[in-house]
Structures are given as structure tokens and as C-alpha cells.
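Below: the structure, in C-alpha cells.
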Amino acid sequence: MRLFLLFVLLLTSTEVFGQARSSIYGYVRDARTGETLIMANIIIAGTTTGAATNTSGYYTLTGLQAGTYTFVVSYLGYESARVEVTLGPGENRRLDFRLSPDGVSLDEVVVQADRDGEELRTAVGVAQMPVRLVQQLPAVFEADVFRSLQLLPGIQAASDFSSGLYIRGGSPDQTMILLDGTTVYNPTHVFGFFSTFNPDALKDVQVYKGGFPARFGGRLGSVVDVYNKDGNRERFAGSATVGLLASRIAAEGPYARGSWMLTARRSTVEPLLAILRETEEGIPDLFFFYDLNGKLNFDAGDNDRLSFAFYGGTDRLDIEPSDDLEINLRYGNRTGSLNWTHIFSSTLFSNVTLTGSRYFSTPLFSIGGTPFVRSNTVGDVSLRADLEYVPGRVHSVEGGIWAGSMVIRLNDEFDGEESFTSRLASDYIASYVQHTWRPSYRWMLRYGLRSTYHSSGEHVRLEPRLSVEHRRSERLRYQAAYGRYYQFLSLITNEAFSGLDVWLLTGEGVRPSGGDQFVLGFKSVPFENWRFDMEWYYRTMFDLFELDPNLRDVSGFDYADVFQFGDGYAYGGEFMIERVRGRLSGFLGYTYGNTKRRFPGINNGVFFPPKFDRTHDLNLVANYDLRRNWRLTTVFSYGTGQAYTRPLGRTQYNLPFFWGATDDFVVGRVNASRLPPYHRLDVGVTRLGRLFGGNYEFQAQVINIYNRRNTWFYTYDFRDNPASMNIVRMLPILPNLSFTIRF
Amino acid sequence: MRAVPAILMVVVALMLAGCTDYLQDDFVQEYVVESYLIAEQPLPRIRISATSPFNEFYSFDQLGVEEASVVVSLLDANGAVEAAYPYVQQQRGIFVPEEEGIAVLPLRRYRLEVQIPGSPQTIRATTIVPGTFGVISVNADTIGFRAPEQLEIKASRSEYPGRQGYYIFTTLALDTTNYDLTPFYAGLVERTDAFTRREFSIRTSGILNESNFLEPDGQLLDIRFPWIGIAFYGPNELVANALDDNMFDFVRSLSGNGAGSPGQIENTITNVEGGRGIFGSMSESRIRVYVRRQ
């Protein structure tokens, strides 16, 4: 109790015992669209005092003495704004700032370029992916946010065919994917080739690669926090894009009490498939995917804002590759959220979100008259409430709860009869509190605690979090973070095909996976418009649970007996040099990484690298504005070959119930060999112009321009003697064209 | 900024320290045993060979072991030898019991011991033979392919200590000369050269657990035979095998059977000490059925 009182005293001391302080608070918005900007900076010119906007675009700067201040507001890709304000004693002034994008001048906004004192935006372990960059990068058929994220240091791809995110040695299920605060359980289209997120709908994408604060939880490794646009508050606007695989349309605009946004995307390859079916066999009878995103904002008052957001996406494939063989695949996601943000005062801000998420997958295989249907659904309804209390410049406190109920159903039907059924349900509640202490400009300490309870298995876990930041100067800061993380879910997936993904929960005898993360960071602005960042991480993983891959039929088994349990670790370093402004912009990122897993019964119980382990990973992303209306974009990627298990020997058996001899591999250490190095160069050119009163953007891109046939994996053919090895390759050279018109 | 070079040096040192403690090992030749005991049938022959490097020509005739000392022992409940059955070499790599006609006893434990000349290690494996089971009734002895009524079999359970039964179902086409393939298999043969008509003369299910078929009273198995299991019209023999632990581990992990990432391969689980292979046991039940075109 004494400690608590001391804590309260510490927190309120500035306000209680100091003279009456003033404050400013409000939102930072895009001047053209009225969209709120996440992680924008507000600094008092000539000082180091400042604040940043939260995920709602809200900021508060408290503990100011009465007087006249010049506030500098900045955000990457936008012109900085300077606003002079006089604050009276004890005045709490609402100030909403509006920033213009680089190169766009708006008379009504006081704008002045302010390149001095470039504020570092990123917290430890955090990376931001500008949506504009996602739309500019060369893309395989379709601009994709996850494939763009794979270019950032510490984030790797498994193959050209997978949009899965392998972050700091973690598998994709170790990353929480949030869309407007709602969990998305299978964020893919085309069975893993693309992510579900339509770039036209996106406002901001933040990645917490590790060491993330107590506000987040539920996954061992990382968080991808995606926010859709709120909609243009100034005028009706829209865009239409025609691409080789899919086309998109987006519209947004204001209305009396707020704004709205609606986007739709659908694949458009049916005519091509129809032509191919005339001459080729094995062409799908039906193939399409679509997604819809929408958001409606309602300004209930100066201090209250409500928004309703939804997402719906589905993939369908019907194919009859052979006589009496029929495959029907259907999977997708639906999410919805209702959000209420409320400003209680200049020091207290709240955010309450009701979320719903549903993932469904119903693949049907009918082989020789015998149907097999697997129906997997995940339903998750939750309520989140977060509070931010900023009593002064020295202290801020955040707290919140996240409670919900989750049901995972898995039903198998074989030959018309139910062969397996399971219903895993769990009610959960997580709560957190974190305190940020800034005793001086140079130091910041943030510590917090998160607790999580899942009724499935009756597990309770506590997760302490800690981060420290030391600013050596305005352009240089050191960071360190530690956190413990728990995960109550495990994904059964195949890297090549996400349409059969199945989520499983902790339960009786299946404990939540856990892990510790240690992160050291170094962030600097060595020159104007340049950044140089380094981070090192070490993380442990324990109680990992995966479905035993050799157990095909799980009927009759106790729940805990269908899993294999293991542990692991990962460590590495990430380096990034970025030029944030200028005709030539982009970044060079390099990752050194090492990750290992250990499961009893595999590799004699010795640690081994998972397939996605890459020792070296290098990405170069460059944008060059050739002339006013032409832009060149290029991406070069290089990575150490992935780990694979090399067959060392062979033998042969004569099982009584197999025809002929059955060949068998003899392998040594698991994943001890490496595929050839991966490298690829993509280039694109963009032409910008005016057409029919709107702005158009024509993109012509070449993927894998020197046609490097990277190796995906090997297969082996025992029909040859000696056995032969075949290489399954990744993408060849591919063109991509798209045309977008914005109005 | 002066600290940057020092930081970089530490990083490089850490990276070098981390390189690389995990290297690919080399091929080491191992001995392979293979034998399948079937309850109430004579002790089977045993194949003993050596593994070969993956990229070399494989020939059992060349890799078969000679002059090995092979003994299969029947063990009592305490693990002591109740009876020992020495084997003799029939041909290179093939060993048969010295005494013919020794029946394998259900729900009993057997041990294999192999000593190969020049090898310091004895190869050992043990198996518990599953209990016998049998067909109690079949709804038809002739069925139309993909008729509304499928073949339904009621069978007794095979007992196994400490766990449910694991089964494999096999269809043996008894006349592949005079009868056609069913449509799905005919399509496979017609469309690719990856398959031959002959190899579909045996069709095998994966491992299926007893829980899939167990009737509510827990005494009988109710099996509805799927059409995918029938590759040829005409006379077919349906074989149900109950598996011991060794067979269960071996078959479920045999090359290509495990589910993993593309291209992922693993060693088969063999439960053989001092070598690899399978010393497994089963019990089995067979019925015949005639499949006509519908």
C-alpha cells in the first residue's frame, strides 16, 4: 500500500506541488484528407520537449508553463508545420494540427520546412512501413503490404510464394496481426501468395518486431498493427486500379458528422482462365478472391469519436485436375470493430473497441468418389479498453483490459461420415498497466506488467516488460528492452499453402508457449535526411507446441498427446541505413540471424535450424524521381540459402501392404545443409500524370529481371537408380503492369 | 557517434562467434533389418542389409548381409527368454527360421537379436504382437462400384496393451488382367506416365485409429469401406491389419508420410537399437468381395 501511495505521489507531484501548468492536446491530421497521423511528433521549437501521437493520432503535451511557444509538428513524408501559441496559466488548449504531404502546398496551413532537429520516431523494436512505399514497390501482380514488410531488417520471407512473416526467428503464428485492433487469423489471399490487406484501404502499418510494450500481448514474437483509413474529411475522393491479377476501387468522403471509406478488390483472371480451358487441361473451373474494407466515422462531439470498421475477404478455387478428382477450396476472414475514442481531459484519453473476427476454411476433396471435407472456423469476440493518463511531462501511465471469447471448431468428414470433431473454446482476459518515466530529456524508462488468463487449460501468465532509452544527443539514442511473452495458440500450417491452416489452443496438458526477449538498439541521424539504426536481439522460446507431424489420425487421442513440445532460441542483429527525403530515397537493410528449435525425437533431441532460418539477409530499396512525373523504383534482395535436410543414404523395404519396394531416406542432422543463396532484382517505373481531371499513375515493373531461378526446395526420385534430385524453383522473370486513376 | 566503431566491432565478433556450430554430417553406413510378424502365422523371414550412399546405385543383392547370427526370442512377462528361434541364411540378406512352422503368438513379446560379423554392435528390437480379430459380418459379397450402399463390415477389436488399436486397410486386386481400373485410377494412368496399371493392384489406407470405427458399446468395429480403396473392378481381397507400436511408428513416418514444409524429409522412426529398419508385428483379417460396374 505504501508503495502504491508513493507511486501516486510521484505521478502527481508535478501537478500538486508545482505552479498551475498548461497543456495542449488534440489530433494531428493530413491537411488534404483529414486523416489522423500515427506517430507524428510535436516539439517545442528550440527545446527537446515534445510528444508523439498515439494510434488514434492523438497527442498531449502537458506540464507547460504559461507563455508563448512555437510548436513544430513533423511526420515522415510531410512538410513540418510551425505554430505559435500563447498559453495562459493553467490553460488546457485543444490544438489540432494539419500537415501537408511533401510537395503539396496548401495556402491555408502555416507550413514551413523544418529539417533541423529531425526527431527520431521509432521506439525500440518498432518499424513503420509507409503505405505510399507499399504502393510504389515492384510487386508480383499486386501491391502487397506483407511482401513489403519482408524487405525490412529482421523480417524474412519463406519463399517467393509465401507472404508469411518470419520475424526475428519466429514462425508466422508468433506474430499477432491486427486490423484496426481486431485479430486477423489467416491474413492471406491466393492460399498464402498475398496478404489480405488492400493497400488502397491502408492508413498506417506498424511492426513491433520484438520487445514490445505491455499494451500488446498474445503472441511470442511480434505484432503487425494495421490501420485502415478513416476516410477523407475534406472532399469526396477515390481511385480505381486495373492490374494483371486483380482490380481495385476505393472511395471515401466526408459527411455531416464525420467521414467514410469503402474499398473493394477482386481478382479478374476469369476471362483468361476461360480461354485457357479451351486448350489446356487442369485449368480451374472457378478461381477468384475478393475483399471489402469499409469504415464509418462519427464525430459525436469534440471529444468523442465513434467508428465502425469491417473487412471481408474470400478465396475460392474449384478444380478437377483429373477424372473423378475434384477439389473445392474456400476460405476467408470477416472482421468488424466498433471503436469509441474519448478525450476526458488534456491528461486522460480512452479508447474502447468491440471486435469480432471470424476465419473459415472448408476445403473439399473428392477422390474416386470418396469425399473428404475439413471445416475449420475460428470465432473471436472481444472488448478492449485502453486508458492513457499523462499528468505531466515526466510521467505517463497506460492501462487497459482485453477480454473475449474464442471458439475454434475443426470437423473432418470422410466418405460422408464425421471422422473427427473438436470444439476448442476459451474465454480470456488480459490486463496491463505500464508507466513511462522521463526524469530528464536524456532518459526514458518504461515498465509494465501484463497478465493473461485463458479458460482453456485454466492458464494464468504474468508478463513483465521493461524498456530504457538514453538520448546521447538530439540525433543519437540508445535503447534496451526486455519482455516476457506468452502465446496460447499454435498454427498448423504449410508454408506452401495457407488454405488449410488450422489454429489450435492450449488446453489440459498443453501449456502456453513462452519466451523472453532482450533487445538493444542504437538509433541515429548521422546526416540530414539520413538515418542509421541498429538493433540486436536475443530471444528464448519454451513450451512450444506443435501438432505431431507424423500423427495423421488424431481420433481417440488425449488432447495433449497430439502435440510435440519443444523449445528454441534466436539471436541476431539488424542494420538499416535510410534516406528519408530527396530525389533518391530508400533504405539498405541487413540482418544477421540465427534461430534454432529442439523437439524430443527429432534430430536426436539436438537444436536444429528451422527451414526459414537465414543467416544473412540483405535488402536494398531505392526510389529515384527521374523527372517531375517519372519515378524509378528498384528492390534487390540477397539471402543465405535456407536450411534443408540433405539425404545422406537410402535403403529399401518390402512392406506387405505396399506395391513394390518402398524406398526410404537416411538423413543425418536435420536442416544442416543450405540451399543456394537467394537473390533477386526487381525494377519498376512509374509515370504520373493528369487524365480526365484526375491524377493517374501507370506502373510497369519487371520482377526478377535477370531471371535468377532461385531454389525453393528439392524433390527426390527413387525411380532412377541412383536416385535423382529435382529442383523446384521459385518465380522466373515476370512483368507487372497496373494503372491507377485517382479523383 | 564515436561509439559506433566499437559497437560494430562487438557485433562482428558476436557474429563470428555464432558461425557456425552446426555442420552437415557425412554418410555412415548402417545395418537395416526388416521383418513383419503376423499373429498365428509362421515366423517370417528377416531381411538384413546395409544402407547405401544416397547418390550411389542401390542393390539389395549387393547390400544384403551375409553370415549374420540371427535369433528371434519369445519373451515371458518378465522379459526373460521363453523360447529362442535361431535363423539361417537362405540367400544373401535373407534369413529364415531354422525350424519351420513356428506360429507367432498374439499379445506376446518377441525380441530380435542380430550379430553381424565384423560389427561390434548387436542389433536389437522387440515387438508386442497385436491381438487377433476377425470379421463378424459383411453386408454383401458383391457390390456395384459407387452404388448407394457401400460395403459395410463389422469386425471384432484387436487388443493391444495400453492403447487403442491402429489399423491399416489394404485392397488386393485379384485379377488385374481381365478387369479394368475404376475411373479415378484409370484417369491417373491415362494422364501421366508417373503411374502404371500394376501398381494399383494394391491400395492401402493410411493408419486409422480404432476410435473412428468403434461402435458405442466399445466392442465391435463398424467399417464402411470407402470407394477410393477400390482400384480395380472384379474380385478383390480386403485386408485389415492391426499394428504394433513399431509398425505404427514406422508407417506413419516413412518417407513422404509426414506432413511438413515442402521438400522436408526426416528419418523414419524405426525403434531398432544398433541399426535401423522394422521388426514389427500385426494381426490380420481378410475377406473377398466382387466389385461390378454400376
### Task
Enumerate the residues in the stretch A:50-77 having an amide nitrogen under 20 Å from the point lying 7 Å beyond the Cα of A:E91 toward its Cβ.
A:50-51, A:59-73
### Query
What is chain B's relative contact order, in percent, from Cα pairs under 8 angstrom and six or more apart in sequence?
21 percent
### Message
Compute the angle between helix A:270-279 and the longest alpha-carbon principal axis of chain A, please, reported from 0 to 90 degrees and rounded to the nearest 10.
### Response
20 degrees
### Debye, to nearest 20: dipole size of chain A, +1 on Lys, Arg Cβ, -1 on Asp, Glu Cβ
2720 debye
### Query
Counting only DSSP beta bridges with both residues in chain B, what percent are antiparallel, rounded to the nearest 5?
85 percent
### Message
Tell me which of B:I143, B:T127, B:Q29 sits at the most positive position along the dipole axis of the stretch B:13-149, charges placed on C-beta atoms (Lys, Arg +1; Asp, Glu -1).
### Response
B:I143
## Note on the structure
With T = 10 °C, eta = 1.306 mPa s and Kirkwood Rh from C-alpha pairs, the Stokes-Einstein D of the stretch A:566-626 in µm²/s is about 114 µm²/s
#### Entry: Rounded if a/c under 1.5, otherwise prolate or oblate - the stretch A:376-489, Cα gyration tensor axes
prolate
## Note on the structure
Given the candidates B:A194, A:F212, A:F542, the one whose Cα lies deepest towards the positive end of the charge dipole of the protein assembly as shown, counting +1 at each Lys or Arg C-beta and -1 at each Asp or Glu C-beta, is A:F212
### Query
Of B:L172, A:Y478, A:V519, which is farthest on the positive side of the dipole of the protein assembly as shown, counting Cα position, with +1 on Lys and Arg Cβ, -1 on Asp and Glu Cβ, and the Cα centre as origin?
A:Y478
### Summary
Here the protein assembly as shown gives, from Cα atoms, an Rg and Dmax in Å of 32.7, 108
#### Entry: Environment charge at B:L181 (Cβ cut-off 10 Å; Lys +1, Arg +1, Asp -1, Glu -1)
-1
### Query
So, in nm, how far is label A:N721 from label A:I733 when the simple model puts each one 7 Å beyond its Cα toward the Cβ?
4.3 nm
### Task
Just subtract the alpha-carbon distance of A:F527 and A:L632 from 0.36 nm times their residue separation and send over the number in nm, one decimal.
35.4 nm
### Query
Per-residue mean of other chain beta-carbon atoms within 10 angstrom of the beta-carbon, peptide A:712-718?
3
#### Entry: Two-site label geometry, A:V468 and A:T421: point separation in nm, points 7 Å out along Cα→Cβ
5.7 nm
#### Entry: Rg to Rh quotient for the stretch B:102-166, alpha carbon positions, Kirkwood Rh
1.26
### Query
Cα-Cα over 27 Å: which of A:K209/A:K596; A:K229/A:K596; A:K209/A:K611; A:K209/A:K523?
A:K229/A:K596
#### Entry: Folded to 0 to 90 degrees: helix A:2-17 orientation relative to chain A principal axis, Cα
40 degrees
### Query
Which trypsin sites (Lys or Arg not before Pro) does the stretch A:533-584 hold that lie in a coil by DSSP with at most 16 other beta carbons within 10 Å?
A:R552, A:R581, A:R583
### Computed FRET value (nearest 0.05) for A:T47 with A:N303, which takes r as the C-beta separation and R₀ as 22 Å
0.20
### Query
Tally Lys/Arg at +1 and Asp/Glu at -1 over every other residue whose Cβ is under 9 Å from the Cβ of A:F365; what's the total?
0
### Message
Please report the antiparallel percentage of DSSP beta bridges with both residues in the stretch A:583-684, rounded to the nearest 5.
### Response
100 percent
### Task
Can you grab the distance from the C-alpha centre of the stretch B:58-105 to the C-alpha centre of the stretch A:274-321, Å, no decimals?
63 Å
### Antiparallel DSSP beta bridges within the protein assembly as shown, percent to nearest 5
95 percent
### Message
At 222 nm, what value in deg cm²/dmol follows for the protein assembly as shown if DSSP H runs of at least 4 each add -39500 (n - 2.57) and the sum is divided by all its residues, to the nearest 500?
### Response
-2000 deg cm²/dmol
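Read the figures in this text as sums done on the coordinates, not as results from a lab. Keep in mind that what you see is a predicted model, and the values were worked out from it rather than measured. When we count neighbours, we look across all protein chains shown, and the Cβ atoms used for this are built from the backbone with ideal geometry, even at glycine.
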